[in-house]
Amino acid sequence: MAVAAVMALGVAFLAAGCESNNARSPERRDSDADRSAGGAWLDGHSSDDAPDGSVVDDDSPGTPADAGAEDGTTDDALGDGTDAEGAADTGCADPCTGVCVAGRCLVTLASGELHPYSVAVDTTSVYWTNYVGNNTGTVKRVPREGGPITTLASGEESPHSIVVSNTNIYWTRYSANGAVRTMPVSGGAVTELVSGQNGCHGLAVDGTNVYWTTLNAPGTVMKVAPNGGVPTTLVSGADPLLAPVEIAVGGTTVYWTNWRTLVGTVMKVPVDGGARSTLAPGQEFPYGIAVDAENVYVTNSIDLTMNPGGNVRKIPLNGGPITTLASGLDGPYGIAVDATSVYWVNHTAGTVMKVGLDGGAPTTLASGQHGPYHLAIDSTSVYWADYEGDPLMNYVGTVMKLTPK
């Protein structure tokens, strides 16, 4: 298909309503962060078309930001109104403090959270951002086994992606004056590593640097030392297809997805800078990205050959044949990988799934979720943030755990 035709088709898809929960434009998410106090969307859209990255004013009906469970209870663990208290845990090998579903234990680690968005996990805790503007966002954590919830940072402006290292927690501020911020895992003061990043979105960290993307034009891929300093631009330019959204780092290379409809790409650049290269052109709408020693794994939330359309693909690190691991998915976004499987969330379908590294039949790990967007894994479990998509509910949601993964 000619490039012009593909571009025209992409425009037609957006005009037809593909800019919904399973394919929203970053520009809409930016403008919606400045939503008026009266409840109307500034771009003229109704609340029925509310974007996933929008900010709901504090006067809207619903649960206040910090009115949720602070003790790791399992209320509404299935995401469908089911109360897990007293539920039998038949089929689970180990005692289950939540709901036993097909031999897996589903636990609500936190509930009543206002727009829980991105999650990370270390050896002791689960961390997440509550993606809210007007300097009312928060960064929180809870023990992996459940327990008291700790607010690590409050008064944050649109805290977005979150990652954790052995010593520090890092998160992005997704706004016109975006930033990368950090604090010690042990607690303490918040440090702003870099500011003035327009649409600071994806985030990754290794032992040497913190890496991030700026999604708003002109898009960039950046890095800075973990303790701050002068940031380095790894990728920038006037390329109309450059829309870096999610990012991953593996060895000496940084990988990212360019979030464009039908003409998206998966790209890479050396961690020390240099020429960028394209691993996968012509992707339908690439978003989530994960990497292991051999491959990059990405989610595409549109697939023209399927309805519902969406897929998970595997791409060799040095280029080569692209393998579709799963297709016919409804709004896949966040993704993670371990030694045996690839895991992802279907935001529109409200499911958490996995498939083997070489493909095969996908497994649905959890269903009945409202709108999971990102997930994290450790050696035993999968964790995700799930939020109600209705703005009248203030995007109230939960932080979930499923064992075994």
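Any residue at all in the range 228-242 that's in contact with a helix residue (DSSP H, G or I) (Cβ under 6 Å, 6 or more places away or on another chain) and not hydroxyl-bearing (Ser, Thr, Tyr)?
Residues of the range 228-242 in contact with a helix residue (DSSP H, G or I) (Cβ under 6 Å, 6 or more places away or on another chain): none.
No, there is no match, as no residue in the range 228-242 is in contact with a helix residue (DSSP H, G or I) (Cβ under 6 Å, 6 or more places away or on another chain) and not hydroxyl-bearing (Ser, Thr, Tyr).
Before we move on, is Ala275 assigned by TED's automatic domain parsing to the domain that holds Asp338, surrounded by 18 or more Cβ atoms within 10 Å (Cβ to Cβ) and not basic (Lys, Arg)?
Details: assigned by TED's automatic domain parsing to the domain that holds Asp338: yes; surrounded by 18 or more Cβ atoms within 10 Å (Cβ to Cβ): no; not basic (Lys, Arg): yes.
So Ala275 does not fit the description; no.
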Only one of Thr182, Thr191 is over 24 Å from Ala290 (Cα atoms), modelled with pLDDT of 95 or more and assigned by TED's automatic domain parsing to the domain that holds Thr150; which?
Thr191
Which of (1) under 29 Å from Thr167 (Cα atoms); (2) touching a Phe, Trp or Tyr at 6+ places or on another chain (Cβ under 9 Å); (3) at pLDDT below 95 does Met222 not meet, given it meets every other one?
(3)
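Could we say that Ala120 is surrounded by 15 or more Cβ atoms within 10 Å (Cβ to Cβ) and either modelled with pLDDT of 95 or more or hydroxyl-bearing (Ser, Thr, Tyr) (or both) here? Before the answer, list the steps.
Values: surrounded by 15 or more Cβ atoms within 10 Å (Cβ to Cβ): yes; either modelled with pLDDT of 95 or more or hydroxyl-bearing (Ser, Thr, Tyr) (or both): yes.
Against the criterion (surrounded by 15 or more Cβ atoms within 10 Å (Cβ to Cβ) and either modelled with pLDDT of 95 or more or hydroxyl-bearing (Ser, Thr, Tyr) (or both)), Ala120 qualifies.
Being in contact with an Asp or Glu (Cβ under 8 Å, 6 or more places away or on another chain) and either more than 15 Å from Ala179 (Cα to Cα) or β-branched (Val, Ile, Thr) (or both) is the filter here, so list the residues in the range 135-147 that pass it. Explain how you work it out, then say what you get.
Narrowing the range 135-147 to residues in contact with an Asp or Glu (Cβ under 8 Å, 6 or more places away or on another chain): 135-140, 144, 146-147.
Thr136, Thr138, Val139, Lys140, Arg144, Gly146, Gly147 - these are the residues of the range 135-147 that are in contact with an Asp or Glu (Cβ under 8 Å, 6 or more places away or on another chain) and either more than 15 Å from Ala179 (Cα to Cα) or β-branched (Val, Ile, Thr) (or both).
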Quick one: which strands (runs of 3 or more DSSP E) lie wholly within the range 104-149 and hold at least 1 residues that are more than 18 Å from the chain's Cα centre (by Cα) and outside the structural domain of Tyr373 (by TED's automatic domain parsing)?
none
Are any of the residues in the range 240-258 among the polar types (S, T, N, Q), modelled with pLDDT under 95 and not in a loop (DSSP other than H, G, I, E, B)?
yes
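Residues that are under 17 Å from the mean Cα position of the chain (by Cα): find the strands (runs of 3 or more DSSP E) completely inside the range 267-373 holding 2 or more of those.
Values: elements: 277-283, 286-291, 295-300, 311-316, 323-326, 332-337, 341-346, 351-356, 359-366.
Correct list: 286-291, 295-300, 311-316, 332-337, 341-346, 351-356.
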Residue ID - farthest from Thr257 (Cα to Cα), chosen from residues in the range 195-231 that are in contact with a Gly (Cβ under 7 Å, 6 or more places away or on another chain) and surrounded by fewer than 22 Cβ atoms within 10 Å (Cβ to Cβ):
Asn198
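Restricting to the range 383-393, name every residue that is in contact with a Pro (Cβ under 9 Å, 6 or more places away or on another chain) and crowded, with 24+ Cβ neighbours inside 10 Å. Don't jump to the end; show me each part of the working.
Filtering the range 383-393 down to residues in contact with a Pro (Cβ under 9 Å, 6 or more places away or on another chain) leaves 384-387, 392-393.
Passing the criteria: Trp384, Ala385, Asp386, Tyr387.
Among Thr214, Thr232, Thr208, which is in contact (Cβ under 8 Å) with a residue 24 or more places away in the chain and under 18 Å from the mean Cα position of the chain (by Cα)? Spell out the reasoning first.
Values: Thr232 fails: under 18 Å from the mean Cα position of the chain (by Cα); Thr208 fails: under 18 Å from the mean Cα position of the chain (by Cα).
Result of the check over Thr214, Thr232, Thr208: Thr214.
The values are calculated or read from the model by the stated rules, or taken from the named source; none is laboratory data. Note that the structure is predicted; figures quoted are calculated from it, not measured. No Cβ is skipped: glycine too gets one built from the backbone with ideal geometry, and neighbour counts run over all protein chains shown.
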